[in-house]
Amino acid sequence: AYTVRLSNKALEERDFRLDLEGLPQAEVEAMGTRIVDADTLAVTVGPDQTRELRVLVTLPRAHAAGGSRPVTFAVTAPGGRESARATDHFVSP
């Protein structure tokens with residue numbers, strides 16, 4: 001599980017795209033978001049607001065080799081411009 005914070009500095013509500021990179025077999029989910037595909041979420045953030053998400057990343061046991069692997073969360077703003085990237089680690093048993 002990861003905590004992701006998205007800030008919308010615009011004066012209108014915006015939909016952001018949150019992608020997970022580095023674990024192609026993983027599935028991503030978070031309450032109050034729309035699933036675009038297994039590793040991509042659509043997140044709506046109100047005007048001039050910050051939204052905090054608890055993002056759950058699961059990997060099928062068949063693909064869990066154990067150990068730590070780097071993952072990157074990429075946020076894309078409306079219009080396709082990348083807004084931010086953050087790297088962390090996914091640890092599987």
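What is the dipole size for the chain, taken about its Cα centre, with +1 at each Lys and Arg Cβ and -1 at each Asp and Glu Cβ, in debye to the nearest 20? The partial results should precede the final answer.
Numbers: 11 positive and 13 negative charges, 36 e Å.
Dipole magnitude for the chain comes out near 180 debye.
In the chain, carbon and sulfur make up what percent of the accessible area (probe 1.4 Å)? List each step's numbers first, then the result.
Numbers: 2800 of 5680 Å².
For the chain, the apolar C and S fraction of the accessible surface comes to 49 percent.
Over all distinct Cα pairs, what is the inverse of the mean 1/r for the chain, reported as the Kirkwood hydrodynamic radius in Å? List each step's numbers first, then the result.
On the way: mean 1/r = 0.0729 Å⁻¹.
That comes to 13.7 Å for the chain.
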(message) Given contacts defined as C-alpha pairs under 8 Å and at least six residues apart, what's the relative contact order of the chain, whole-number percent?
(response) 33
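What accessible area per residue comes out for the chain, rounded to a whole number of Å², with a 1.4 Å probe?
On the way: 5680 Å² over 93 residues.
For the chain, the per-residue accessible area is 61 Å².
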(request) Quick one: dipole size for region 14-66, taken about the Cα centre, charges +1 on Lys/Arg Cβ and -1 on Asp/Glu Cβ, in debye to the nearest 20. (result) 120
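The values are calculated or read from the model by the stated rules, or taken from the named source; none is laboratory data. Fair warning: this is a prediction, and the values are worked out from it, not measured in the lab. When we count neighbours, we look across all protein chains shown, and the Cβ atoms used for this are built from the backbone with ideal geometry, even at glycine. These area figures cover heavy atoms from the full protein model, side chains too; ligands, DNA and RNA do not enter into them. Shrake-Rupley method; radii C 1.70, N 1.55, O 1.52, S 1.80 Å.
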